[in-house]
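**Student:** Below is one structure. I have some questions about it.
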């Protein structure tokens, strides 16, 4: 078979696969047959490019929920008068939702661990700041709590080799030290 005819057939098979006119494994078989096995490298590069350009809506939803959850709770606690029982219930519920988002993001939607873990740590940090501000009314106590949390982040990021969490903790510790000095 001449090369021009093979190219036409290969392009048609790719069109069938993209349009889902035939099941993917049939198209893969036909492509392997007509290209004599050379199509795998091209498919892998196309798959990598396709994965880079595709945005998963669940990832965006995860990011949106994490950015909304703790700051909303933080603002709610400061502008609404709550009893201690209501406050503890709200904070506990926020922690449970944060852990649930961590689990769903990492296990079900398979978002990279360092991003999901960083979001969880940020949520827990905001929750602890809220707790300290509600009960101790001292900015130095809040700074110490933040400092110790960031130190724990630093240890975890070094142990698990998480560059994002490491950079967040180092920047946070520097800002915290500057705030303590000032």
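Values quoted throughout were computed directly from the atomic coordinates according to the rules given, and no laboratory measurement underlies them. Note that the structure is predicted; figures quoted are calculated from it, not measured. With ideal geometry, Cβ positions are generated from the backbone for all residues, glycine too; neighbour counts draw on all protein chains shown.
**Student:** Rounded if a/c is under 1.5, else prolate if a/b beats b/c, else oblate: with a ≥ b ≥ c from the C-alpha gyration tensor eigenvalues square-rooted, which is the range 1-40?
**Tutor:** Because a/c hits 1.5 or more and a/b fails to exceed b/c, the range 1-40 counts as oblate.
**Student:** Specify the residue with the greatest mean-square fluctuation among 30, 60, 156, computed from a Gaussian network of the chain linking alpha-carbon atoms under 10 Å apart.
**Tutor:** Ranking 30, 60, 156 by mean-square fluctuation puts 30 first.
**Student:** Let me ask another. Hey, can you rank 105-114, 76-85 by average C-beta count inside 10 Å, highest first?
**Tutor:** On the way: 105-114: 15.1, 76-85: 10.6.
Listed from highest to lowest mean packing, they are 105-114, 76-85.
**Student:** Ok, one more. Per residue of the chain, what 222 nm ellipticity follows from adding -39500 (n - 2.57) for every DSSP H run with n ≥ 4, rounded to the nearest 500?
**Tutor:** Result for the chain, helices only: -28500 deg cm²/dmol.
**Student:** Between 0 and 90 degrees, rounded to the nearest ten: what's the tilt of helix 139-160 against the longest Cα principal axis of the chain?
**Tutor:** 30 degrees
**Student:** Moving on. Express in nm, to one decimal, how much length is gained between residue 7 and residue 156 on full extension, taking 0.36 nm for each residue of separation and deducting their alpha carbon distance. Mind dumping the intermediate values first?
**Tutor:** Details: separation 149, 0.36 × 149 = 53.64 nm, distance 5.31 nm.
Here the answer is 48.3 nm.
**Student:** Continuing with this model, one more query. Which of [x] 169; [y] 125; [z] 195 is the computed volume of the Cα convex hull per residue in Å³ for the structure on display?
**Tutor:** [x]
**Student:** Tell me, what is the percent relative contact order of the chain, built from C-alpha pairs under 8 Å that lie six or more residues apart?
**Tutor:** Over the chain, the number comes to 14 percent.
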